[in-house]
Amino acid sequence: MGRVVGIDLGTTNSVVAVMEAGKPVVIANAEGARTTPSVVAFSKVGDRFVGQMARRQAVLDPKNTFFNIKRFIGRPYVELSAEDKRVPYKVRRTEENNIRLVAPRLEREFAPEEIAAMIIRKLADEAGRYLGQTVTGAVITVPAYFNDSQRQATRDAGRIAGLDVKRILNEPTAASLAYGLERNQRQTILVFDLGGGTFDVSILNVGDGVFEVLSTSGDTQLGGNDFDRMIVNWLAEQFLEKEGIDLRRERQSLQRLNEAAEKAKIELSGLGATDINLPFITATEDGPKHLEARLTRGEFEMMAGELLERLRIPVRRAIQDAGLRPQQIQEVVLVGGSTRMPMVQDLVRSFINLEPNQNVNPDEVVAVGAAIQAGIIAGDVRDVLLLDVTPLSLGLETIGGVMKPLIPRNTSVPVRKSDIFSTSEANQTLVEIHVLQGEREMSAGNKSLGRFKLMGIPPAPRGVPQVQVSFDIDSNGILQVSALDRTTGREQTVTIQGASTLSETEINRMVQEAEDYASVDREKKARVEKRNNAESLISKSERKLREVAIDFGMYFADPQRKRVEAYIRELKDYVASDDDRGIDLAQADLQEAIYGLEQEIKARLSTEDEDDVFKTIRDTFKDVKDTLTGEDDYDYGTGSYNQGGYNQGSYSPGGYNQGGYQDSYGQGGYNPDGYGQQRGYNQPQNSSGSPGQYGNATPGGPGQDRYDQGRYGQDNARRYDPRDANAPRGNGQDRGSDNRTSPRYDNPYANENWGEDNDWI
């Protein structure tokens, strides 16, 4: 069974979280960031990018880069304002008055729900990678002031992404879950949620596991992007006045202005002023044009005065609907990145004389709350009761175009309410049920959610038939309407689908397309990974060959190395020709050749290790022998000082008289080049020597036997004439690696030991 995650589908950034070991965990994306930009783009070759990679190409290819999708989801085209349409990509109107986003690169159009589904799918995949299992369900958050149409559209986006949407949760409610989950004391809190594209304010009672929403209000077309737009317009007007060019009419220039405005807004949250520099913003016949401006926080707050006033209205309404005074609110929780602006925090303080609580991360708290709700649904979180409300009034159109509310706003959900209606004309055999949502008294000023007809009513005078209409809102805030003719018992029940901009057929088609596209994506990803793996293997193999040449020489394991080189060339050719099967075969051959080379290396290393072991054993036995026999360690085999050296082949009989000093230590004795590096005893098999000599000295030998490896020292080249009492004596401070002196031979011609600088020969 798959996991259920919490998803905060944001206008600017989106976040995914999950319950792990009873705690909510925010999941980082593949780029390592905990928030994912809500941006979708299509590359030149038709590849789809979501998140940071999509955002990078926004300036270079604005027509195929889509953002701020939340502003369009679930809305008809006629509801869009001129500011909503001022985006770098093309927004088109369909015959059904729906919105379509045009992607020239693919030569096709997308519904906003499809683009949102791509973002949701990206988040679900990241969660699946983190969890190590498939994500099948999600709790998706929406602004509390989303109407039924927008909620339906968000649910449709989740379905298109291949997820079972367990619940649509209001963002302020989700934030309150994250804030008050472990709080036992009852509090009345105000959640102030100003995101990138929407604004919500909710008042709740939280504590003891109960989360009761008292009221909610907001503006679905007000957010941080509107503050960015104020800066964009200010910059564009300045440039227009100076250069006579309106940068808002050029897609790339507009996108650069948007990014610069967002950066300036963020900087002004911590600084008193910021410099905006956009070189080469456009070009004319006179050459390139640059934009330079300086914006202070005071100027920014002055130009944003209208937006701040729009923020005040929902706050007042929410407090009034909750039946509270500002003094009764005990805590203010800020949600959304735009609440970091100092002027927004000052606005909150002007209503409620409290310092806003900033203990929660405004970017992540909504996703954390959604994960907690997912845990409640899965049974991982217990003893939590969530009582949400419907944000807008729901009712019917009656005679004269007047709206009759059945469910007032801020009614706790789930809820079911009904009322009795009758015909407006005599002998009327059907009634049309027109469902509305909004706060205006006249039907024309409210949102139409849908129409359906109840037929088969017996003819009767006007006002006689009785039709019972019932509204049923589930925990997601989605409406189901039924109409019952009490005379005949005929009933018509319908879930309001007209509220969604997509029909069920379109949704099913998009679900299938998403699955097909996902399959194509997987194939493309597999091919890319195959080439990446092949190139990585080539690089590793070439590096291995270089290391082997350095460590063991150019001729070591020559056959195996030639095989590796041949397979490297073959694999490179297959990668260049894009031959998948050839890549697989050559990759397998190269791996096998590398394995053979590594076996040769292991065999070589094991032989060297074995030689080292036997040498250590020989040295150990020799030390034991010397200790037991009391013999000096100055000898180098049986032909050393005792048997073939000092006694038998040296002083007597080949000593002073018979052999003289030149030949006193055997044939070739210490002279003419001594024991040192110039002429050493480098033939171990002869090192023992025969009586009267130390072995066959090789003239000019490198002295690799014991005489030059720390036993007699590295520089035993100076001669000593025992007949000359004034001759220099060895300084012999260190006889080598073991620093032992001779227990049997007291050398009168050298100091204590025979060391690394023993100068006599």
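Some points to look at:
- The Stokes-Einstein estimate for the stretch 252-405, based on a Kirkwood radius over Cα pairs and taken at 10 °C with 1.306 mPa s viscosity, is a diffusion coefficient of 79 µm²/s.
- Segment Arg325-Arg92, length gained on full extension (0.36 nm per residue, minus Cα span): 79.3 nm
- Amide H contacts of Leu387: Phe211, Glu212, Val213, each under 5 Å away and 5 or more positions distant or on a separate chain (H built 1.01 Å from N in the peptide plane; Pro and chain starts excluded).
- Packing-based order for 41-48, 199-206, 56-63, using average beta carbon neighbours within 10 Å, highest first: 199-206, 56-63, 41-48
- Subtracting the Cα-Cα distance of Asn353 and Glu547 from their residue separation scaled by 0.36 nm leaves 62.8 nm.
- Given their separation in residues at 0.36 nm each and the Cα-Cα distance between them, Thr607 and Asp419 gain 58.1 nm when the chain is fully extended.
- For q = 0.17, 0.20 Å⁻¹, Debye-computed log10 I/I(0) when each Cα of the stretch 97-166 counts as one equal scatterer: -0.69, -0.87
- The rule of thumb for compact globular proteins, 2.2 N^0.38 Å, goes into the C-alpha radius of gyration of the stretch 445-495 1.33 times.
- Annotation: peptides 184-197, 335-348, ranked by per-residue average of other Cβ atoms within 10 Å with the highest first, follow the order 184-197, 335-348.
- On a per residue basis, the stretch 293-380 carries 45 Å² of accessible surface, using protein heavy atoms and a 1.4 Å probe.
- Residue ranges 463-472, 555-564 sort as 463-472, 555-564 when ordered by packing (mean number of other C-beta atoms within 10 Å per residue, highest first).
- Spacing of the two label points (7 Å from each Cα toward its C-beta) at Glu109 and Thr296, in nm: 4.9 nm
- Semi-axes of the equivalent ellipsoid for the stretch 206-272, Cα gyration tensor, largest first, Å: 38, 14, 10
- Share of pairwise Cα separations in the stretch 34-173, more than 28 Å, in percent: 17 percent
- Pairs over the 31 Å Cα-Cα cut-off, from the set Lys85/Lys122; Lys44/Lys166; Lys63/Lys122: Lys44/Lys166.
The values are calculated or read from the model by the stated rules, or taken from the named source; none is laboratory data. Note that this is a predicted model, so its numbers are computed, not measured. Neighbour counts run over all protein chains shown; Cβ positions are idealised from the backbone, glycine included. Quick note on the areas: whole protein, heavy atoms, side chains included, nothing else; ligands and nucleic acids left out. Shrake-Rupley method; radii C 1.70, N 1.55, O 1.52, S 1.80 Å.
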